[in-house]
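Report on the following structure.
The values are calculated or read from the model by the stated rules, or taken from the named source; none is laboratory data. Here the structure is a predicted model, which is why all the values come from computation and not from measurement. Here Cβ is always computed from backbone atoms with ideal geometry, including for glycine, and neighbour counts include all displayed protein chains.
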Amino acid sequence: MADDGAFVETIELAPELPPSGPVQWIRENLTYSVASTIITVVVGLVVVFGLRGLIGWFLDPFRKWSSVTANARLLMVQAYPAEQFSRVWISVGIVVVLAGLSAAAWRVAGKVSVGQITKAIMGIGSALLLIALLAPGEFSGGRGLLAVIGLVIALAGYGLKRSNRETINDPTISTVGLAAVILVLIAAALWIVKLPVQEVFADGTKEVTNQLLARSTKLPWTILIGVLALSYAIGVAIRDAIPSLRRILVVLWTLSFPVILMVVMRAPDIDWGTVLSVDLPIFLVLGALIGYILYVIGAPDTGEWKYIFSALWLAFSVAWVLFGWYLFDTNSSSPFHITAPAADVLQRLEFKFSMILGAIFALAAPSFGGAKAARIRYVGIWLAALFALIASFRLSAVPSELVLGGSAFVGGLSLTFTLAIAAIVLSFPLGVLLALGRASSMPIIRMISTAYIELVRSVPLITWLYIGSNLLNLFLAGVVDIFSVVRAIIAMTLFSAAYLAENVRGGLQSIPKGQYEAADAVGMSVVQKTVLITLPQALKAVIPALVGQVIALFKDTSLVSIIGLFDLLYIARNVVPGQSANLGSIMELTVAAAVIYWIFTFTFSRSSMRLERRLGLGTR
Amino acid sequence: MSDQAIIDCRGVKKWFGDFQALRGVDLEVTKGEVVVIIGPSGSGKSTFIRCINRLEVHQEGQIFVDGIELTNDVRNIEAIRKDVGMVFQSFNLFPHLTIMQNITLAPIWVKKQSKSEAEAYGRELLERVGIPEQADKYPGQLSGGQQQRVAIARALAMRPQIMLFDEPTSALDPEMVKEVLDAMKELAREGMTMIVVTHEMGFAREVADRVLFFDYGQLVEAGTPEHFFTNPQHDRTKLFLSQIL
C-alpha cells in the first residue's frame with residue numbers, strides 16, 4: 001500500500017492550447033445537439049430569405065433614393081435661408097473645434113490590434129459578398145463585380161490576419177492614425193465618388209446620371225475635417241502646457257450650446273439701448289450688492305442667522321415672482337393689475353429671477369465659502385451665473401434678424417438636435433433637484449417633488465406638448481410671447497426631468513448608509529454631503545439609465561410635429577413625399593430618417609459604454 | 001465630574017422602536033485615556049459610541065463632549081463632530097475619490113483649509129500609517145488593512161481630540177489585523193483619547209487604560225486590563241471571558 005505518503009510523483013506538462021478553429025466553433029455554438037442543429041438550419045433559412053427580401057427592396061430600380069439625396073438640405077435645416085448657411089457651418093465648426101480639443105485633452109487616443117482591424121475588413125468584404133449572392137433577380141448589372149470586390153476585400157483581411165499571426169492581439173496601431181486615414185478617405189470620397197442616380201419621371205421615362213456624394217457641401221465638409229485634425233493637433237500641443245485645459249473645455253462646451261442656439265443660429269436683433277439702460281444696471285447693482293452679501297455670509301464662522309436670512313430671502317423672492325405674476329402681470333381682474341409694455345414685464349422678471357438665484361447662492365455660501373480666496377472665487381461664480389441668467393432672458397426675448405420662410409426656426413435634423421440637447425441639458429439640474437427633493441427628509445419638499453414626478457409621469461408627452469404650446473401663452477396672457485421652439489423645449493424639459501429624477505433617485509438609494517455616516521462623522525453639512533459624496537456616486541451608478549433616457553428623448557423629439565414644428569421625421573414623411581417629383585417616396589424617406597436616427601443613437605450608446613469603462617476603472 | 005473629563009455620559013438611554021438598546025450608561029473619559037469596550041454582539045456597545053458623535057440620537061440622559069452638550073442644536077453637533085474622529089467596521093471610504101482626496105476632503109470643505117496645507121498634512125498622516133505610496137490610488141485598489149489605515153488617516157486629518165473606533169478589525173482578513181492594530185497602538189502612545197469597541201483581547205490587554213464590559217445595554221463592569229482579565233467580579237463577565245479566551 002502507498003499509504004506511507006512518501007511516494008509523490010510530479011509530472012510537469014507544458015500548457016496546451018484549447019481546441020479552436022471554425023469547425024470547433026460551429027460544433028460548440030450551432031450544432032451541439034440535434035435540436036440546436038434543427039434550430040440553426042431553420043433560423044438560418046429565415047435570415048437568408050429575410051435578407052434577400054430586404055436587399056431586393058433596397059436595390060429595386062423603382063426605389064426613389066434620389067428623393068433623399070435631392071432633399072438633403074431640407075432634411076438637415078428645412079427652410080433656413082440659404083444665404084445664411086454660413087451660420088450653420090459656423091455652428092458645426094464650433095462643435096468640431098471643441099471635439100478636436102477635447103479628444104486631445106481627455107487623451108481618447110489609444111491603440112487597437114491588427115486583429116480588430118482584420119475583423120472589420122473581413123466583415124465589410126463578407127457583407128458585400130453576401131449582398132451579391134443574396135440579391136434577387138432584378139439586380140443583375142454589377143452582381144459579379146460586387147462579388148469579386150467583396151471576395152477580394154475579405155481575402156485581403158484574411159491574408160493580413162495570417163501574416164500577423166504572432167502579434168494579432170497586440171495593440172500596435174494608433175487610433176489617431178486610423179482615424180486620420182478614415183477621414184482622408186471620406187474627404188477624398190466627397191470629391192471623387194460618383195453614384196448613379198436614377199430618376200423616374202411622371203411619363204415613365206428613366207434617366208440615369210452620375211452625381212457626387214455631396215454636391216453642394218463638399219467644400220465645407222472637407223474644411224471641417226481639416227479643422228478637426230488641426231484642433232486635435234493644437235490640443236495635443238497645448239494639453240501639457242495648460243493643466244486646466246479640461247476644466248476650460250467643460251465651460252466652453254456648456255457655453256457653446258446657448259451661444260449657437262441664441263446668437264449664431266438665431267441672429268438676435270439686440271437693442272443696445274435697452275441693454276445699457278436695463279440689463280447693465282441690474283447686473284451691476286445686484287452683482288455688487290449680492291456679491292458683497294455672499295462674501296460676508298461665506299465667512300468661516302458658523303451662525304444660524306445666515307441660513308435663516310438666506311431661507312427668508314428665497315421664500316420672499318419666490319413669493320414675489322408668484323404673487324407678482326398674479327397681482328400685477330397677468331391677472332386683469334386683480335385690483336393691482338397694471339398694464340405695462342412687455343419690455344417692462346421682462347425687466348421685472350429678470351430682476352426677480354436674479355433675486356431667486358442670489359438666494360440659492362446665499363444658501364450654499366456657508367458650505368462653499370471659507371478662506372478669502374475661496375470666497376472671492378465664489379463671488380466670481382455668482383457674477384458669471386448672474387450674467388448668464390440676464391443674458392438668456394434678454395436673448396430669448398429679442399426678435400431674430402433672419403427672415404425665416406414660414407417656420408419659426410431652423411427645422412429638420414438641426415431642430416431635432418436643438419430640442420434634444422436643450423431638453424437634456426435643462427432637465428438634468430431640474431431632475432437632480434427633484435430626486436434630492438423626493439429623497440429629502442423634509443416632508444413638504446418631499447411631497448411637492450413626489451406630486452410633481454407622479455403627475456408628469458402619468459400624462460403622455462404629447463399632452464404636455466399641447467399644454468406647453470397652447471396653455472403657456474395663455475398663462476402669460478400675451479405679456480411675453482415665447483416662441484414655439486422654446487415652448488416645446490420647456491414642455492420636453494419638464495417631462496424629461498420627472499423621469500430623470502426617478503433614475504437619479506435609484507442611484508441615491510444604491511449608496512450604502514456607511515457613506516452618509518462617514519460624511520456625517522467628519523462634520524459635513526447636508527449640502528456638502530450631497531454635492532461631494534452622494535450625488536457623484538449616484539450619477540455614476542445610473543449612467544446606463546441616463547443614456548437610455550437621452551436616447552429616448554432624442555427619438556421623442558419627433559412628436560413635436562404635432563404642435564406644428566418641422567422636425568426630421570415630419571419633413572421625411574409629410575413634406576418631401578408631397579413634392580411632385582417625389583410622389584410615392586415615403587418609404588425611402590422613412591428608412592433614411594430611421595438610418596439617421598440610428599447613427600446618432602448608436603453613437604450615444606457606444607460612447608456611454610466607453611464612458612462607463614473609463615469611470616468604472618479603479619473605483620470600486 | 002472631574003475637570004479632566006473630556007467625555008461625560010450620564011444615564012444615557014436609547015430605544016430602537018420598543019427595543020431598549022441602552023439602559024442608562026454612565027461613563028467619564030479623561031483626556032489621553034484609552035478605553036476599550038467589549039461585550040457580546042447586540043449588547044449596545046456600538047450604539048453607545050455612535051451616540052458620542054450623534055450618528056445615533058439618545059433619547060434620555062446627557063452626553064457632554066469637551067464641555068459641550070449634545071442636543072438637537074446643529075451648531076453643537078457640528079462643533080463636536082469636528083473634534084471627534086470615527087473609524088468604522090466597514091471602512092466607509094469614498095470610492096469615487098482618491099486616497100489623498102478622501103483624506104483632504106473634510107479639512108478643505110469643513111475646516112476651510114487651503115488645498116496645499118491639507119495635502120501636506122495628508123501626506124504626513126499617510127506616512128504615519130505607513131502607506132505614503134498609495135496617495136493617488138482609489139480605495140478599491142487597496143487591501144482591507146490598507147483601507148482601514150486610510151480611514152484612520154482620514155479621521156486624523158481633522159486633528160480631532162478624540163477618536164472612536166467601531167470594531168475596526170472585524171471586517172479584516174486575519175493577516176491584516178496586525179497592521180491596523182499597530183497604527184492604533186502608535187496613536188495611543190502619542191496620547192490620543194480613544195474609545196475602542198473591539199474583540200481583540202490582546203489589544204485591550206496591551207493598550208487599554210480601562211476595559212469596559214457591556215451586556216444588555218448596560219455597563220456591567222469596568223476596570224484596568226489586569227484586574228479585568230485576571231479577576232473579573234461579575235458572573236456575566238466571567239462567562240463571556242470564558243467563552244472567548
Quiz item: Being within 30 Å of A:Ser484 (Cα to Cα), in contact with a Phe, Trp or Tyr (Cβ under 7 Å, 6 or more places away or on another chain) and not basic (Lys, Arg), is that true of even one residue in the stretch A:311-320?
Solution: no
Quiz item: In the stretch B:109-119, is there at least one residue being assigned to a helix (DSSP H, G or I), among the acidic types (Asp, Glu) and crowded, with 18+ Cβ neighbours inside 10 Å?
Solution: yes
Practice problem: Read through the list (1) more than 14 Å from chain A (Cβ to nearest Cβ); (2) closer than 17 Å to B:Asp83 by Cα, then give the number of the only condition that B:Val110 fails. | Solution: (1)
Quiz item: Residues in the stretch A:102-117: is at least one touching a Leu at 6+ places or on another chain (Cβ under 6 Å), farther than 30 Å from A:Thr172 by Cα and in a helix (DSSP H, G or I)?
Solution: no
Quiz item: Filter the stretch A:517-535 for residues that are in a helix (DSSP H, G or I) and at the interface with chain B (Cβ under 7 Å from one of its Cβ atoms); which is nearest to A:Gly507 (Cα to Cα)?
Solution: A:Ile533
Exercise. Out of the residues in the stretch A:536-550 that are among the aliphatic types (A, V, I, L, M) and within 12 Å of chain B (Cβ to nearest Cβ), state the one that is farthest from B:Ala106 (Cα to Cα).
Key: A:Ala541
Quiz prompt | All positions within the stretch B:1-50 that are farther than 25 Å from B:Ala188 by Cβ and of a type in the set (Lys, Arg) | solution = B:Arg10, B:Lys13, B:Lys14, B:Arg23
Self-check item: Candidate set from the stretch B:1-45 (those that are part of a loop (DSSP other than H, G, I, E, B) and among the small types (Gly, Ala, Ser)); member that is nearest to B:Glu206 (Cα to Cα)
Solution: B:Gly32
Quiz item: Taking the stretch B:126-152 as the search range and keeping residues that are crowded, with 23+ Cβ neighbours inside 10 Å and within 14 Å of chain A (Cβ to nearest Cβ), which one is farthest from the chain's Cα centre (by Cα)?
Solution: B:Pro139
Quiz item: Taking the stretch B:57-80 as the search range and keeping residues that are within 10 Å of another protein chain (Cβ to nearest Cβ) and within 19 Å of the chain's Cα centre (by Cα), which one is farthest from B:Phe19 (Cα to Cα)?
Solution: B:Ala79
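Name the residues in the stretch A:26-39 that are in a helix (DSSP H, G or I) and farther than 20 Å from A:Ala127 by Cα, would you?
Step one: list which residues in the stretch A:26-39 are in a helix (DSSP H, G or I), which gives A:26-29, A:34-39.
Within the stretch A:26-39, A:Arg27, A:Glu28, A:Asn29, A:Val34, A:Ala35, A:Ser36, A:Thr37, A:Ile38, A:Ile39 qualify.
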Exercise. Under 8 Å between Cβ atoms, at least 6 apart or on separate chains: pull out the pairs that start in the stretch A:440-460 with a residue that is surrounded by 12 or more Cβ atoms within 10 Å (Cβ to Cβ) and end on any residue that is not in a helix (DSSP H, G or I) and not aliphatic (A, V, I, L, M).
Key: A:Arg446/A:Ser440; A:Ser449/A:Ser440
Quiz item: What pairs come up if the first residue lies in the stretch B:7-26 and is on the phi < 0 side of the Ramachandran plot and crowded, with 16+ Cβ neighbours inside 10 Å, the second is outside any strand (DSSP E or B) and of a type in the set (A, V, I, L, M), and their beta carbons are under 9 Å apart, counting only those six or more places apart or on different chains?
Solution: B:Ile7/B:Ile52; B:Asp8/B:Met1; B:Cys9/B:Ile52; B:Lys14/B:Val57
Practice problem: Go through A:Thr534, A:Thr530, A:Thr557 for me and flag whichever is in contact with a strand residue (DSSP E or B) (Cβ under 7 Å, 6 or more places away or on another chain) and at negative phi. | Solution: A:Thr557
Practice problem: Inspect the stretch A:396-403 for any residue being modelled with pLDDT under 75 and closer than 15 Å to A:Met76 by Cβ and give the result as yes or no. | Solution: no
Quiz item: Yes or no: A:Ala14 in contact with a Ser or Thr (Cβ under 9 Å, 6 or more places away or on another chain) and part of a loop (DSSP other than H, G, I, E, B)?
Solution: no
